[in-house]
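The values are calculated or read from the model by the stated rules, or taken from the named source; none is laboratory data. Please read these numbers as outputs of a predicted model, since none were measured by experiment. All Cβ positions, even for glycine, are placed from backbone atoms using ideal geometry, and neighbour counts span all protein chains on display.
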Amino acid sequence: MSALLIVGAGGHGKIVADLARELGRWNRIAFLDDKFPGSDFVNEWEILGRIADAPRFLAEFPEAIVAIGANAVRLEVLRKMLEMGYRSPALIHPAAVVSRSATLGVGTVVCVQAAVDIDSEVGMGVIVNAGSTIAHDCRIGDGVHVSPGGRVSGGVTLGSCTWVGSGAVIKEKVTIGNKVVVGAGSVVIRDLQHHVTVVGVPGRIIRHSPEGGPLHSSEYD
Amino acid sequence: MVGLLIVGAGGHGKVVADLVQASGHWSHLSFLDDTYPKPDQVGPWQVVGRTGDSCFFLERHPAAIIAIGNNQLRMEMQKRLEEEGFRFPTLVHPHASVSSFCDIGAGSVVCTQAAVVIGAQIGVGSIINTGASVGHDCRLADGVHVAPGARLAGGVSVGEGSWIGIGATIREGVAIGRRVVVGAGSTILQDVPDGVTIVGSPGRIIHGEALERTLIPSMRTNL
């Protein structure tokens, strides 16, 4: 048995802790979050320090998951943690299904009732959220978040740090750039360039943002 | 344990092979595909011939499944192989949830994380794809494809050869005609006549005239 450090004690952090508890591979689970020291506990799990304190906990917690919702921040913090020497396993909920012929990068989390089909390649620090599905032959970039119930069809490519909103649908073989935001319930039927925000059925572009949409580091919890 | 022949080695064929592997009920599996002999291998599985060669493989593979996305082609192919003597199992992924009070026809496939609820009836050669749900008392005819994550509420009927796009939602009690295409992510709130393409939220018909505009009421009983 080992210990798992979860970085980010917001809603998604709790979900990761719950998942880790279900997996039963760790005898100790604790958090880092920048709301420390004002807040010391999330449910039964202790918050030990701020995110910048991560190097101090490496000896005690060899494994870590970054559970920050903002995609670019999650990916950046994950890379730093790996440089510090943390190992970041891919976590698959016992009631999620990942094909044996699919690959998951480090620090990727597949939540309850989600599915990843055959020959899909999922990058590092990705969130495949509750009940979402990634069909066969997809290429999912680093730091992507497919929100609860998001539907990614066969042969889709999602660029780095792209965010697929809750219940959104991506049609088969569509290629989507980096840091794209697909609004909740939207349907994307055509390729999308980098850094756009798209909403509606069918999706239309409402914003071009060189900085990659509205997700800033201040919003991560 | 016997061998299973999968006809069609595209994306859906691989998904079916993966499902078969996960279920562990088959001694071996092989593919037929018209691209043979160019790829003679799909992942760990062999492509052994073209679709027209099926009869040569009956002895080693008494069971078959058609994994062709096109609904009409899939149904025709299944009929032909049935005539040749192939048996068509119903394949259900171990992580799909299928009520013991529903009927699913021969050659139909229920993929991972899909749900088929009490009282639902699904015809032959249908696909209930990854994470899709078919509500209580739904009636699906032959050769229907419910794409990944599509939601059929209770009491929905779907005619032969219709395709329900990825993430589409069908309101309870709605009757969808034959050979209908429901676009990805569409929301269907009213009955849909035969042969049309319907997209959007709520759905509107963008393509094709109704073949028989008055067919819907009788279709409900004919399924």
| query | Which residues, taken from the stretch B:69-116, are farther than 19 Å from B:ALA153 by Cα, part of a loop (DSSP other than H, G, I, E, B) and more than 14 Å from every other protein chain (Cβ to nearest Cβ)? | reply | B:GLY85, B:PHE86, B:PHE88, B:PRO89, B:THR90, B:GLY105, B:ALA106, B:GLY107, B:SER108
| Within the stretch B:141-155, can you find the residues that are touching a residue at least 40 places away in the same chain (Cβ under 8 Å) and of a type outside the set (Val, Ile, Thr)? | B:ALA141, B:ASP142, B:GLY143, B:HIS145
| Restricting the stretch A:1-49 to residues that are of a type in the set (Phe, Trp, Tyr) and in a strand (DSSP E or B), which is surrounded by the most Cβ atoms within 10 Å (Cβ to Cβ)? | A:PHE31
| Filter the stretch A:119-146 for residues that are surrounded by fewer than 24 Cβ atoms within 10 Å (Cβ to Cβ) and within 14 Å of chain B (Cβ to nearest Cβ); which is nearest to A:ASN178 (Cα to Cα)? | A:ARG139
| Near pairs, Cβ below 6 angstrom, 6+ apart or cross-chain, from the stretch B:177-191 (free of Cβ contacts under 8 Å to residues at least 60 places away in the same chain and within 14 Å of another protein chain (Cβ to nearest Cβ)) to any residue that is part of a loop (DSSP other than H, G, I, E, B) and β-branched (Val, Ile, Thr) | B:ALA184/B:ILE166; B:GLY185/A:VAL201; B:ILE188/B:VAL174
| task | Output the number of residues of the stretch B:153-176 satisfying the condition of being closer than 12 Å to B:VAL134 by Cβ and either of a type in the set (A, V, I, L, M) or outside any loop (DSSP other than H, G, I, E, B) (or both). | result | 6
| Within the stretch A:176-221, tally of residues that are outside any loop (DSSP other than H, G, I, E, B), at pLDDT 90 or above and under 25 Å from A:ASP34 (Cβ atoms) | 1
| remark: In the stretch B:1-46, anything at pLDDT 95 or above, in a strand (DSSP E or B) and of a type in the set (Val, Ile, Thr) is listed as B:ILE6, B:VAL7
